[in-house]
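The values are calculated or read from the model by the stated rules, or taken from the named source; none is laboratory data. For clarity, every value in this text was computed on a predicted model and none was experimentally measured. Note that each Cβ is placed from the backbone with ideal geometry, even for glycine, and that neighbours are counted across all protein chains shown. Note: areas computed on protein heavy atoms with side chains; ligands, DNA, RNA excluded. Shrake-Rupley method; radii C 1.70, N 1.55, O 1.52, S 1.80 Å.
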Amino acid sequence: MNSNYTLAVTLTDILYVVNPTQDDWSKRFQIINDLRSVIETLEILRGATVEPFGSFVSNLFTRWGDLDVSIELPNGSYISSAGKKYKQTLLLDVLKALKRKGGFHGIKYISHARVPILKCDSNKDNISCDISINNLTGQMKSKMLFWINEIDGRFRDLVLIVKEWAKAHGINDPKTGTLNSYSLSLLIIFHFQTCEPAILPPLSEIYQGNMAADLFGVRAVAEKNIEDACSLSINRIKSDKSRRVNRSSLADLFISFLEKFCDINVRASTQGISPYNGQWEDIDTNMIWQPKTYALFIEDPFEQPMNCARAVGHRNLMKIAQVFQSSYEKLTSPNLTHPLAVLVRPEVLSIMSRSQVPSFVGGGIGVNGMNRGPHVQRNPVGSSNVRGGGAHLQLPYRNTGNNNGGLQVNRGGGVYPRGACAPGQVLQQQPFMYQNMMNPRPLMGSQSQVQRNANQRPTTGQSSQTQQVHQIWRPRSEK
């Protein structure tokens, strides 16, 4: 049986397990509201708003993803600015309030970070939460990533797969000198820009200029100017009939992603990665980049010339390159037992082996020769929620300004009450049971089915009525 098909089937099942459920969305909305209740008790923060950002807003979080929250200080209609020392003082007040109020544990104050943060875990669900002050730039970066996914939905799928793969190999933790999740997302954007034909354009074609520097003045105006510019660019890109279409499967894109960065340690000695320009650039000749002081340079396309990979050291860069190389060799080897041995952490494999995993691939035969169920209707590759004719971009939520649960989920261009299903949910899927994942029997099925199934994409969420993944053992929260 075609090993590419084996990988394609495996990726869809991993996506089912790591994709957030309706309950995962609801839990995070509840944490946001709990934090609002805490902030309301502080007189010094009267009028402040609690606003999420990060992977929750970009819709790139997994079931075990953490939650990033910014406390935006009141400044009338203008964007507020506060010095680092003042932010540190406010976070200490929040720390005390969290301890008084209860509901959170493991509260830690990280004052030495470039952006001071307060880390805590919710008592009820043990979801990790990072709290910062006036992080509007972080909010806008998150929205940018969400809008980029509107060009091609394979971006989100590959981000979720790569996050789990990177955690399985210990290269997704900036605290230990490896890549943060934002850097991984930018590597995938860069891969989509440099594959043939390109899936994404240089990000300069979506937003010209330095987005972070454009966040000044009246907040509503600044945000609308950025959104309007991105909306116009993305609709132009999507409606360009001369644009060549890349029809690579998710499995093909993952393999070529691994292959592309096998020598990242060698290239990084003289070049940096620029998603803004969509190419490798010589560090010595780039006038806005800092001198060669980092092992790896991944430019933040929305806050130039910031290096998103500044935590990566030379030794860990070698480790990262070795992980790319070994994973590529194992997944392309004819002697590979099963891709799951390369792709997921043992605890995630444990969940998959003991849980009922619905079929995402229509009409195929799954692992152990078990029927994978009927075809499930879903959006085609590259589909999006951006409507034609200059429609505005959507977000997975919106802030209604009501502190009593004002956040609402946006699904397919419509706005739904908080706790509603995540975008792309499909109901009534038929499950099958994973068994003996490390040594499955050979896959069976016709070659025509293989080709059809390899081109199918999984959905991006599951219904609570059909959610079958048991809470046997949950991986630690992503950091």
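For region 10-114, what % of the accessible area comes from carbon and sulfur atoms, probe 1.4 Å? Mind dumping the intermediate values first?
Working: 2050 of 4060 Å².
The value for region 10-114 is 50 percent carbon and sulfur by accessible area.
Quick one: which residues, 5 or more positions from Gly278 or on another chain, have an amide H under 5 Å from its amide H? H modelled 1.01 Å from N in the peptide plane, none for Pro or chain starts.
Leu203
Given the pairs Lys108/Lys163; Lys85/Lys108; Lys175/Lys292; Lys87/Lys163; Lys143/Lys319; Lys84/Lys124, which are separated by over 29 angstrom at their Cα positions? Present the calculation step by step, with values, prior to reporting the outcome.
Working: Lys108/Lys163 25 Å; Lys85/Lys108 17 Å; Lys175/Lys292 22 Å; Lys87/Lys163 31 Å; Lys143/Lys319 31 Å; Lys84/Lys124 32 Å.
Lys87/Lys163; Lys143/Lys319; Lys84/Lys124, as the Cα separations exceed 29 Å there.
Just need log10 I(q)/I(0) for region 187-242 at q = 0.17, 0.23, 0.25 Å⁻¹, Debye formula, equal scatterers on the alpha-carbon atoms, no solvent, rounded to two decimals.
After summing over all Cα pairs, the log10 values are -0.64, -0.94, -1.01.
How much length would be gained if the chain were fully extended between Met318 and Lys101, taking 0.36 nm per residue of separation minus their Cα-Cα distance, in nm to one decimal?
On the way: separation 217, 0.36 × 217 = 78.12 nm, distance 4.51 nm.
Length gained between Met318 and Lys101: 73.6 nm.
Convex hull over the Cα atoms of region 300-340, averaged projected area in nm²?
On the way: hull surface 17.8 nm².
Hull-based average projected area comes out at 4.4 nm².
Return the Rg/Rh ratio of region 48-206 with Cα-based radii and a Kirkwood Rh.
On the way: Rg = 17.2 Å, Rh = 17.2 Å.
For region 48-206, the value is 1.00.
Report the far tail of the P(r) of region 69-127, meaning the percent of Cα-Cα pairs longer than 13 Å.
Numbers: 1115 of 1711 pairs.
Distances greater than 13 Å cover 65 percent of the Cα pairs.
Taking 8 Å as the Cα distance limit and 6 or more residues as the minimum spacing, I'd like the relative contact order of region 74-214 as a percentage. Intermediate results must be reported in sequence, preceding the final value.
Numbers: 109 pairs, mean separation 17.3, N = 141.
Over region 74-214, the number comes to 12 percent.
Can you pull the semi-axes for region 201-293, root of five times each eigenvalue of the Cα gyration tensor, sorted largest first, whole Å?
Details: eigenvalues 161, 112, 24 Å².
The three semi-axes for region 201-293 are 28, 24, 11 Å.
Round to the nearest 0.05 the FRET efficiency obtained for Asn75 and Asn335 when R0 = 45 Å and r is the Cβ-Cβ distance. List each step's numbers first, then the result.
Numbers: r = 62 Å, r/R0 = 1.37.
The computed FRET efficiency comes out at 0.15.
Restricting to DSSP loop positions (anything but H, G, I, E, B) with no more than 14 other Cβ atoms inside 10 Å of their own Cβ, which trypsin sites (Lys or Arg not before Pro) remain in region 93-136? Mind showing how you got there, number by number?
Numbers: sites: Lys96, Lys99, Arg100, Lys101, Lys108, Arg114, Lys119, Lys124; in loops: Arg114, Lys124.
Answer by residue number: Arg114, Lys124.
Filter the trypsin sites (Lys or Arg not before Pro) in region 260-294 to those in DSSP coil with at most 16 other Cβ atoms within 10 Å of their Cβ, and list the result. Walk me through the intermediate numbers first.
Details: sites: Lys260, Arg267, Lys292; in loops: Lys292.
Within region 260-294, the qualifying trypsin sites (Lys or Arg not before Pro) (loop, at most 16 other Cβ atoms within 10 Å) are Lys292.
If one computes P(r) from the Cα atoms of region 94-148, what percent of pairs lie at distances over 14 Å? Walk me through the numbers on the way to the answer.
Values: 908 of 1485 pairs.
Result for the distance tail: 61 percent.
Over what distance in Å are the Cα centres of region 190-242 and region 268-332 separated?
Distance between centres, Cα-based: 22 Å.
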